[in-house]
1. Quick one: net charge around G271, please, counting Lys, Arg +1 and Asp, Glu -1 for every other residue with C-beta under 13 Å from its C-beta.
2. Per residue, how much space in cubic angstrom lies within the convex hull of the C-alpha atoms of segment 133-271?
3. Once phi is turned into ³J(HN,Hα) by the Karplus curve 6.51 cos²θ - 1.76 cosθ + 1.60 with θ = phi - 60°, what whole-Hz value does each residue of segment 147-160 show in order, with x for glycine and proline?
4. Based on Cβ point charges of +1 for Lys and Arg and -1 for Asp and Glu, what charge dipole magnitude is obtained for the chain about its Cα centre, in debye rounded to the nearest 20?
5. Just to confirm a number: summing +1 for Lys and Arg and -1 for Asp and Glu over residues other than L25 whose beta-carbon lies under 15 angstrom from that of L25, what do you get?
6. Calculate one ³J(HN,Hα) per residue across segment 103-120 by plugging θ = phi - 60° into the Karplus curve 6.51 cos²θ - 1.76 cosθ + 1.60, and present them in order as whole Hz with x for glycine and proline.
7. Distance cut-off 21 Å, Cα to Cα: go down the list K236/K315; K143/K212; K194/K282; K88/K294; K48/K319; K88/K283 and report the pairs above it.
8. Express the relative contact order of segment 133-271 as a whole percentage, based on alpha carbon pairs under 8 Å and six or more residues apart in sequence.
Amino acid sequence: MTKNTDYMAWQVDEQNGEYEGCETLLSTKDLPEGEVLVWVSHSSLNYKDALSASGNKGVTRAFPHTPGIDAAGVVSESATGQPAVGSKVIVTGYDLGMNTPGGFGEYIRVPATWCVPMPEGWDSRTAMIYGTAGLTAGLCVQKLLTMGAKPEQGKVAVTGASGAVGSVAVEILANLGFDVVAISGKADHADALKALGAKEVLGREALSEDKKPMLKPVFANAVDTVGGIPLAELLKQVLPGGSVSICGLVAGVPLNTTVLPFILRGVNLLGVDSVEIPLADKKRVWEKLSGDWKCPNTEASAKDISRSELDSALKAFLKGESSGKIVLDHA
Ligand code: NDP
């Protein structure tokens, strides 16, 4: 027998063509059907949440809506018994926070197949320091390693380096012994990026548009979180046999490139999706993040915010002004 519980959520609604979020009292009876009810203590902020909160119909079709593509907390009801009531879980991706009420509310109801058991020794806040961004960074690194990337091959570039995905990618790669070149538009973040382990920090102009079809190869491998022109320029600068993991689109969706990096230098372009991949693949990376790939600097520098601070924090994402990891604490 399920009981209805009132809870607080940061819900976004449309008013005269504008989208605004505010704290709203909701009831678990209005959550969608699903096997598992999770009491969410923490969520994490992502670019996609900012898109949802600003009314982007490619992310969220109908409003009012509670964004939050990440959630961590304790199972409060479980129709299948797995995960068990009282166990801690992480839920990221699939439809959470898109068209299913997400982690910006104190409760979510989701299929059991969306729930990753909390890695041993972790709590919800730590999991949400990483969130989808950390998971995506881990998947990007994993793809490079699967392609045989090794520190001795040379520099590895990370674009959008001060962002949520980029900053975790910088720290994981640096901890694995790679010489990381962080590419960032925020000159005042150079010291913070070096503290994460970057050997060099370059401005975005390192990847500004150049008409030449190929450029001097500089990077053995790369993680690109921005797409668009910077990615096209990056591909021209990758050493023979190198790989580029790509996950993002903040600098643009079109990728205007030629076949030359691929057929003259054998460059590998590796797509990364953290949303719809099987739960087992997510679980493998979460285990890594809580173990060998732990990022102490990211953990130490994460910022906690409350629901009332979501509006300004999400707007900073849309302007490309956000940096590091931001955790939503529902307490
Ligand atoms: P953030 O906003 O935290 O970081 C993006 C960073 O990119 C910014 O901090 C900025 O870094 C840089 N940037 C912003 N605008 C531009 C621009 N116009 N040109 C060049 N660089 C720019 O976002 P996230 O790290 O959370 O996400 C990064 C991307 O990855 C997004 O597109 C997101 O949608 C995508 N993503 C994809 C996932 C997947 O499963 N494929 C999962 C998670 C995220 P700096 O100032 O340092 O240059």
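Read-outs throughout are calculated quantities, based only on the coordinates presented, and are distinct from any laboratory measurement. A quick note: this is a predicted structure, and the numbers were derived from the prediction, not measured. Every residue, glycine among them, receives a Cβ derived from its backbone with ideal geometry; neighbour counts consider all protein chains shown.
1. Net charge around G271: -2.
2. Dividing the Cα hull volume of segment 133-271 by its residue count gives 89 Å³.
3. My calculation for segment 147-160 gives 7, x, 4, 9, x, 5, 6, x, 5, 10, 8, 10, 8, x Hz in order.
4. Values: 30 positive and 38 negative charges, 227 e Å.
The calculated dipole for the chain is roughly 1080 debye.
5. -3
6. x, 7, x, 6, 9, 10, 10, 9, x, 4, 6, 9, 9, 9, x, 4, x, 3
7. Over 21 Å Cα-Cα: K236/K315; K143/K212; K194/K282.
8. Values: 304 pairs, mean separation 31.5, N = 139.
About 23 percent, as a whole number.
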